[in-house]
Amino acid sequence: MYVFDKFDPTLFLDSHWQKRPAVFKGAFSQFVDPLDENELAGLAQDPRIDSRVVSAENANWHVQHGPITDFENACQGSWSLLVQSVDQHVDEADALIRMFNFIPYWRLDDLMVSFSNAGAGVGPHLDQYDVFIIQGKGSRRWQVGERGEYSTYHPHPDLSQIQGFYPIIDKVLHSGDMLYIPAGCPHNGVALEDCMNYSVGFRAPTQQDLLSSLADYSIDLGLFKKRYQDKGLTPRSDPSELAEEEIHSFRNMLHDAIDSPDFTRWLTSHFSDTQLNQGYDEQHNPDYSLQEILVLFQQQTVFERQPGIRPIYLAQSGQDISLEFFIEGQAFFAPPEHTEAVRALLQCSSWQYDLMTDKGSALTINHFWVQLISELVNAGAWLPQEEMF
């Protein structure tokens, strides 16, 4: 559905990624908005979805968080409706964000979509993550500056803005144009007319984020229980002193945890967790038996990957290696003989079990595939077409 026109991912990564901002005019030829403002407003009414309206009227800023039920009251003056993780709910939005799969899935965060009326924006600000901003319908003027030290102020408790940056980019973007802004570069976008914008954000975890997640994981699984032991302790003249060798021992304890296979497994699981809402009604809970999946295979049912599903697995090389992959923190396994086929499945938006051999004779359905697909379906990751809604 979407095709890059005047944008080369290889050249971009070499020249711009985390280096300097850039505008790519006509990056998407004949760009089609994956949804309109009415559909976006519908998502903003869903209590599971993070949304907000940012408005300015007579130099007074207002922020209203979703779910938005009274748009007439919320949308006063110059205003923008912003909805997070639209790729988890709209197939076309999911297709758009997957255009950026030249960067690993574990770095990819979500697709934030905004609708703004003329004059609207969220003010000059900084983001601590890299972002692509694709212009949909309408037009918006963007100003982007260099990284630097900028004073911050809060015109509203939920808004952080900056003052006094000099723009090195000052361009008007039209449908299909794209802007890249590295983390830490100040920017300001102002709608020149009713317009849609699509922001592809990337994860930039802090040490605090990682340590907190690792601690939770270790507690949940009962890991890293090695206790400290004294080695060669001698009488201490000053009992208040923490000795250098003791600090070294504690540091080694933590290094042992980080160097363990459990750390690698946690990291893979951690980056698979996107807080996915699954995109379907809470009352819809797939519960397919193995027999029901077997019947679907026999009926040549097509299974569709759901929006927002981005599996993560550890890079491995060599033969006879099993595959463990994660979706939303849940682990799935494939034995060595099925690793290649499973990796192919994970890259497909739709999948169908092949009942026939190359010679055209019926195959006995492999139990592994029945088991795996039932797990993926019941996790809400792939659904049979009959369950699509």
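Condition check ((1) in contact (Cβ under 8 Å) with a residue 12 or more places away in the chain; (2) farther than 30 Å from Gln330 by Cα; (3) not in a helix (DSSP H, G or I)) across all residues:
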position	(1), (2), (3)
Arg236	no, yes, yes
Pro239	no, yes, yes
Arg251	no, yes, no
His255	no, no, no
Thr264	yes, no, no
Of (1) more than 22 Å from Val54 (Cβ to Cβ); (2) out of contact with any Lys or Arg (no Cβ under 8 Å at 6 or more places or on another chain), Phe115 satisfies every one except (1)
Would you check which residues across segment 1-59 are closer than 20 Å to Val113 by Cα, small (Gly, Ala, Ser) and part of a loop (DSSP other than H, G, I, E, B) and list them? Gly26, Ala27, Ser29
Elements of type strands (runs of 3 or more DSSP E) in segment 124-204, at least 1 residues being open to solvent by less than 10 Å² (accessible area, probe 1.4 Å) and not basic (Lys, Arg): 131-135, 140-145, 159-162, 167-173, 178-181, 187-191, 195-202
Of the criteria (1) on the phi < 0 side of the Ramachandran plot; (2) open to solvent by 60 Å² or more (accessible area, probe 1.4 Å); (3) in contact (Cβ under 8 Å) with a residue 40 or more places away in the chain, which one Lys6 fails: (3)
Filtering segment 97-123 down to residues that are open to solvent by less than 30 Å² (accessible area, probe 1.4 Å), of a type outside the set (A, V, I, L, M) and in a loop (DSSP other than H, G, I, E, B) yields Asn117, Gly121, Gly123
So if I check each of Asp70, Asp94, which one is of a type in the set (Asp, Glu), open to solvent by less than 60 Å² (accessible area, probe 1.4 Å) and either farther than 15 Å from Asn197 by Cβ or not assigned by the TED database to the domain that holds Ile168 (or both)? Asp94
Output the residue which, of all residues in segment 208-235 that are under 11 Å from Trp266 (Cα atoms) and touching a helix residue (DSSP H, G or I) at 6+ places or on another chain (Cβ under 8 Å), is most open to solvent (accessible area, probe 1.4 Å). Leu221
Under 6 Å by Cβ, and 6 or more places apart or on different chains, what pairs join a residue from segment 108-123 that is closer than 15 Å to Ala74 by Cβ with one that is small (Gly, Ala, Ser) and buried (at least 19 other Cβ atoms within 10 Å of the Cβ)? Ser114/Ser80; Ser116/Ser80; Ser116/Ala191; Ala120/Ser80; Ala120/Ala191
For the structure I just gave you, tell me whether Pro286 is assigned to a loop (DSSP other than H, G, I, E, B), closer than 30 Å to Leu96 by Cβ and at pLDDT 90 or above. no
All positions within segment 28-67 that are over 24 Å from the mean Cα position of the chain (by Cα), more than 29 Å from Phe4 (Cα to Cα) and exposed (fewer than 15 other Cβ atoms within 10 Å of the Cβ): Glu57, Asn58, Ala59, Asn60
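The values are calculated or read from the model by the stated rules, or taken from the named source; none is laboratory data. Remember, predicted model here, so these are calculated numbers, not experimental data. With ideal geometry, Cβ positions are generated from the backbone for all residues, glycine too; neighbour counts draw on all protein chains shown. Surface accessibility is based on the protein's heavy atoms, side chains included, excluding ligands, DNA and RNA. Shrake-Rupley method; radii C 1.70, N 1.55, O 1.52, S 1.80 Å.
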